[in-house]
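Only one structure is covered here, and it is reproduced in the block below.
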Amino acid sequence: MVATHPLALAPVSSPPATVDGFVREFLLNLNMERGVALSAATETDKYMALAATVRDYLVARWLEDQRRQREDQRKAVCYLSAEYLLGRQLDNNLLASGLTDIATEALAACGIDIDTMRAHEVEPGLGNGGLGRLAACFVDSLATLSVPSIGYGIRYEYGIFRQVFRGGEQIEKPDAWLALGSPWEFRHPEAAQTVSFAGHTETYDDGGVIRSRWVPAWSVRAVPYNYMVPGYQNGRVNTLRLWSAEATKAFDLRTFNSGDYVEAVRAQTFAENISKVLYPEDSTPQGKELRLQQQYFFVAASIADYMTKVLPEDFDLEDLPDRVIFQLNDTHPVIAVPEMMRVLVDERKLDWDAAWAITQKCFAYTCHTLLPEALEVWSVDLLGRLLPRHLEIIYRINDEFLLRVRERFGDDEQRLRDMSIVSEHRAVRMAYLATVAGAKVNGVAELHSQLLREKVLHQFDEMMPEKFTNVTNGVTPRRFVRLANPKLSELITAALGTGWLTDLERLRELESYAEDPDFRAAFADVKAANKRRLNDVLMKRDGFEIADDHLLDVMVKRLHEYKRQTLKLLHIVTLYERVVSGRVAVSDLQPRTFIFGAKAAPGYAMAKRVIHLINAVGAVVNNDPRLEGRLKVVFPPNYNVTLAERVIPAADLSEQISLAGKEASGTGNMKFALNGALTIGTDDGANVEIRELVGDDNFFLFGMSEPEVEELWAAGYRPGEFAQADDELRRALDLIGSGAFSEGDRSTFEPVVSNLLYDDRFMVLADYTSYIAAQERVDAAYADRDAWTRSAILNVARTGFFSSDRSIRDYIDRIWHTQPAR
Ligand code: KOT
C-alpha cells in the first residue's frame, strides 16, 4: 500500500519551538504517556514527560538524518567502544536543540523548577573513566561536525558501581540506572541480531570449493537500543546504538508448562548476563570469560547490523573501504577483525586474500595505555572454546603476517617470537592483532604515540612506520565549558561574541583580556561563584564545606598506583606534620581545601587501601584544632560525570601527577585548564602539550622526565634512599606508619608505607622532593591573587586546542579520510 494522506507524505514535523508549543507537548506527554494529570504528577512523571518532550523536538531531524545516511554514498565512521560514559542527557539535549530558555519558561509556567528536573536524572555510567568519557565526547563532536557516523556499544543493565564509604572504606553498590525507566532510548526488537558462541568448526565441499564453517553451540539475541546524539545547534542528530542481550527463546513453553520453572528461566538468565554489568576495571583487565563474551557480543551484532541493515543489499564488498571505517577504541572490540574475516570469507564467500585486503583497510586502532599489564591477551584455550572459528582465522592471519616478517627480516627467530600475535604462552595479543590488521594505529597524546612507537610496538613501527600516527585527545566544550561553567561561558561570550563553542581556538582572543583588570576581576568573581556553587552541592550531598578563601586543590580520577594519589597524600601529611611538630606556624599556612574523587576497581586491594587512607587522613586533619581549619580534605564518594561538572569549574589547582611515561594522555587535565585551573603536573601524557601551549610561567612542572625515569629504573631504583635523603619525607612516612591516622593501629596502613619504601613501582618517593618544592611555588603564586587570575585566564585562552572537535578533525585528516555531511 502506498500512503496517500497528506500528513503521511510529509516528514514528521517538530512541535512549535515556542513556550506555548513546549507546554502543550509537555502536558500531552504527561497525560498520554505517563497517564497522569499535572496536579497528581510525581517528580519522576514530570522528568519523564520533559525528556519525552525534548525528544519530540529532536526526532524529526533524527529521522531525516537516518534517511539521508542510508542514501548517503559517503564514507561513514563506525566507532566501536565497549564504554560510553555519557553523563546526564537532559541538559545536553536542551542545549544542543537550543531549547533551554523555552523549556525553562514553559516549566515555570507549569509550576516546575527546571533545576529539580535536571537533578532528577540518573546519569548512565556506562564506562569506567577516561576511555569511556572520551568515546562520549567523540560522539558529541561527530554530530557537531556532521560526520556521517554511528557509535556502537553495550547497554549494560548496571553501569559503573555506586561508591559509598563505610568507616572510610569503599563499598560498591549496584548502579541500577534503569530503575526509573530510561526516556532517552528507543528499543528495536525487530532489528535484533543473533550472536552465536562455542561449538566447533568443520570443512565442507561447496560446489568443488572446500570451505570452513562454524557450527556454534548456542546463541543469544542482541537487541539494539538507539540513542539520539544531537550536534550542537546544527540540526544534526546522529545515532548511538547500544546492544542488550536476551535469550533467543525467552521461555521454553513446554519446560515451563511441565513445571520446571527454574530450567525455563535459566537460559534467559544466562543470556541476559552478557550485558548485565560493566566490568569495573580500568587499565587492569582480567581474563574473564564473560568479558570476552561481552566483547564479541557487541562487535558481532554491530558488524551484522552494519552489513545487513546499513549497507544496501547489492553492495559490492570490494568497495567497502570507501564506505566505512571501524574505529577500535582500544583492544576491547578487536575481535571484530576475525569476525569481519569470518563474515567475508565464510558467509559472503570471498576468497581469503580479497577479504584480508578489504579488512585491512576497514579498521583502525586507538591505543589508550602503555602499562604492560593493561595490554589485553586472551588465552588460546578460551578463544578456542568460545570462538573456535575466530581462533582459526587469527592463526591464519598470524601465519601470513610472520611470513612477511621473515621476508623482510630473515629467519630471526627471536624477532618472530616477539612479533607473533600468538605468544609462546598460548595467549593472543590483541594489540598486535589490531596493529597487524589496522590501516592506522594511533596513540592519544604526542608523548604516548612516541612511546608506543619506540617501546610497546617498536618492532611493528620498524616494519610498517606508515601505520603509526598520533591524535591527541580532546573534550567537548559543550558539556565541560558551556554546561558545566555557564558563568565563565557568559563572560567569554560577552568578550568574544558567539561562535567560540564550535571553534574553540577562538579562545586565543582572550589573551589580551588577561591584561584588563576589569576582566580579571570578573573572571575571579566567576571562580568564586563556582566555588560557592560547589559548596552548596557538597553541603547538600555529603555535608562538606568549601571555604571561600581556600585554594581549591583537586585530584579527581580513577584510583591507580601510577596516577600517584599517595604523592598527593604525602604532601598533605607533610603540611600537617609541619604544623603539629611546631616547625611551621599555622598562620603561615596557605589555607587549602584538597578535593579527591576516585573509584578503585573492587579487586584492586592497594587502591582500596589508599582510598581508606585518604579518608583517614581527612578525618584527622579536618578535626585537629591545631590546624585552625586551614587544611581540609574533602573526599565526596561516587565521583562521576555529574560531580565532575561541578568540581572542575571551581578548582584553582589541577593535580596531574602521574609518573612520567605512564598516563597515556589524561583528559581531566584538559577540562581543568579550559576552566581556568592551573596545573601542577609531571611531563606526562597531554600535560606536555598543555604546558607547551600555556607556557612554563602558567604551569607548575615537577618530577622526572620519562627518560630520567628509565635511567633511574635501569640504574636500580631504591626508594629507601630517597626517604633517607629527605627529612620531611621520612617524617611523613613515619607519621602514617605510626598509626596516627588509624587510631594508633600500625597495621592498617603499614602495607602502603612498606610498599612505598621497598617497592614503589611508580617512583613516588623519587619525585616527592620536587613535588613539595613545586607546591611551594604554588603557594607563592597564589599569594598574588591577581597574577594568579591572569595565569588562569591565559590557561583558558591557550587551550582551545583540546576541543574534541579538533581531535575528530585530526582523525578525519590522518585516519578516516571522510567528508563531513553537507
Ligand atoms: C583500560 C583497559 C585496557 C586498556 C586501556 C584502558 C584505559 C585507558 N582505560 N582508560 N584509559 C584512559 O584513556 C584515556 C582516553 O584516551 C586517557 O586519557 C588516559 O590516559 C587513559 O588512562
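The values are calculated or read from the model by the stated rules, or taken from the named source; none is laboratory data. Worth saying up front: this structure is predicted, and the values here are computed from it rather than measured. Cβ atoms come from the backbone with ideal geometry, glycine included; neighbour counts cover every protein chain shown.
Here are the numbers:
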read-out	value
Of all residues making up region 669-713, the number that are part of a loop (DSSP other than H, G, I, E, B), on the phi < 0 side of the Ramachandran plot, small (Gly, Ala, Ser) and within 16 Å of the ligand (Cβ to nearest atom)	1
Test result for PHE401, of a type in the set (A, V, I, L, M, F, W, C), in a loop (DSSP other than H, G, I, E, B) and assigned by TED's automatic domain parsing to the domain that holds GLY151	no
Within region 271-302, considering residues that are within 22 Å of VAL380 (Cβ to Cβ), crowded, with 16+ Cβ neighbours inside 10 Å and within 11 Å of the ligand (Cβ to nearest atom), the one modelled with the highest pLDDT	ARG291
Residue list for region 143-168, restricted to those being outside any loop (DSSP other than H, G, I, E, B), touching a residue at least 12 places away in the same chain (Cβ under 8 Å) and surrounded by fewer than 20 Cβ atoms within 10 Å (Cβ to Cβ)	TYR158, ARG162, VAL164, PHE165
Any hit, region 192-211, residues being surrounded by 12 or more Cβ atoms within 10 Å (Cβ to Cβ), among the small types (Gly, Ala, Ser) and within 29 Å of MET48 (Cβ to Cβ)	yes
Filter result (within 10 Å of the ligand (Cβ to nearest atom) and over 14 Å from ILE595 (Cβ atoms)) within region 657-668	SER658, LYS662, GLU663, ALA664, SER665, GLY666, THR667
Cβ pairs under 7 Å, 6+ apart, first in region 378-397 and among the charged types (D, E, K, R), second crowded, with 20+ Cβ neighbours inside 10 Å and part of a helix (DSSP H, G or I)	ARG389/ARG342
Any hit, region 536-549, residues being surrounded by fewer than 20 Cβ atoms within 10 Å (Cβ to Cβ) and aromatic (Phe, Trp, Tyr)	no
Set ARG323, ARG348, ARG342: member being basic (Lys, Arg) and either within 16 Å of the ligand (Cβ to nearest atom) or free of Cβ contacts under 8 Å to residues at least 40 places away in the same chain (or both)	ARG348
Whichever residue in region 360-394 is among the small types (Gly, Ala, Ser) and either away from the ligand (no atom under 16 Å from the Cβ) or at pLDDT below 95 (or both) and, among such residues, is farthest from the chain's Cα centre (by Cα)	GLY384
Some residue of region 3-17 being assigned to a loop (DSSP other than H, G, I, E, B), exposed (fewer than 13 other Cβ atoms within 10 Å of the Cβ), in contact (Cβ under 8 Å) with a residue 12 or more places away in the chain and not aliphatic (A, V, I, L, M)	yes
Residues within region 112-142 that are in contact (Cβ under 8 Å) with a residue 24 or more places away in the chain, more than 16 Å from the ligand (Cβ to nearest atom) and of a type outside the set (A, V, I, L, M), tallied	6
Positions within region 593-623 being of a type in the set (D, E, K, R) and in contact with a Leu (Cβ under 9 Å, 6 or more places away or on another chain), in sequence order	LYS599, LYS608
Checking GLY744 against (1) part of a helix (DSSP H, G or I); (2) out of contact with any strand residue (DSSP E or B) (no Cβ under 8 Å at 6 or more places or on another chain); (3) surrounded by fewer than 19 Cβ atoms within 10 Å (Cβ to Cβ), the condition it does not meet	(1)
Search result, residues across region 417-466 that are small (Gly, Ala, Ser) and surrounded by fewer than 21 Cβ atoms within 10 Å (Cβ to Cβ)	SER420, SER423, ALA427, ALA439
Selection status of LEU317, farther than 20 Å from LEU142 by Cβ, surrounded by fewer than 20 Cβ atoms within 10 Å (Cβ to Cβ) and within 13 Å of the ligand (Cβ to nearest atom)	no
Residue within region 21-29 that is modelled with pLDDT under 95, crowded, with 22+ Cβ neighbours inside 10 Å and at negative phi present	no
Close pairs (9 angstrom Cβ cut-off, 6 or more residues apart or separate chains): within 15 Å of ALA644 (Cα to Cα) in region 528-555, assigned to a strand (DSSP E or B) and aromatic (Phe, Trp, Tyr) anywhere	LEU552/PHE594; ASP553/PHE594; VAL554/PHE594; VAL554/PHE596; MET555/PHE594; MET555/PHE596
Region 404-423 - residue that is closer than 23 Å to ASP330 by Cα and not in a helix (DSSP H, G or I) and, of those, nearest to the chain's Cα centre (by Cα)	ILE421
Only listed residue being of a type in the set (Lys, Arg) and within 15 Å of the ligand (Cβ to nearest atom), chosen from LYS608, LYS599, LYS632	LYS599
Residue list for region 475-515, filter: of a type outside the set (Val, Ile, Thr) and not in a helix (DSSP H, G or I)	ALA484, ASN485, GLY497, GLY499, ASP503
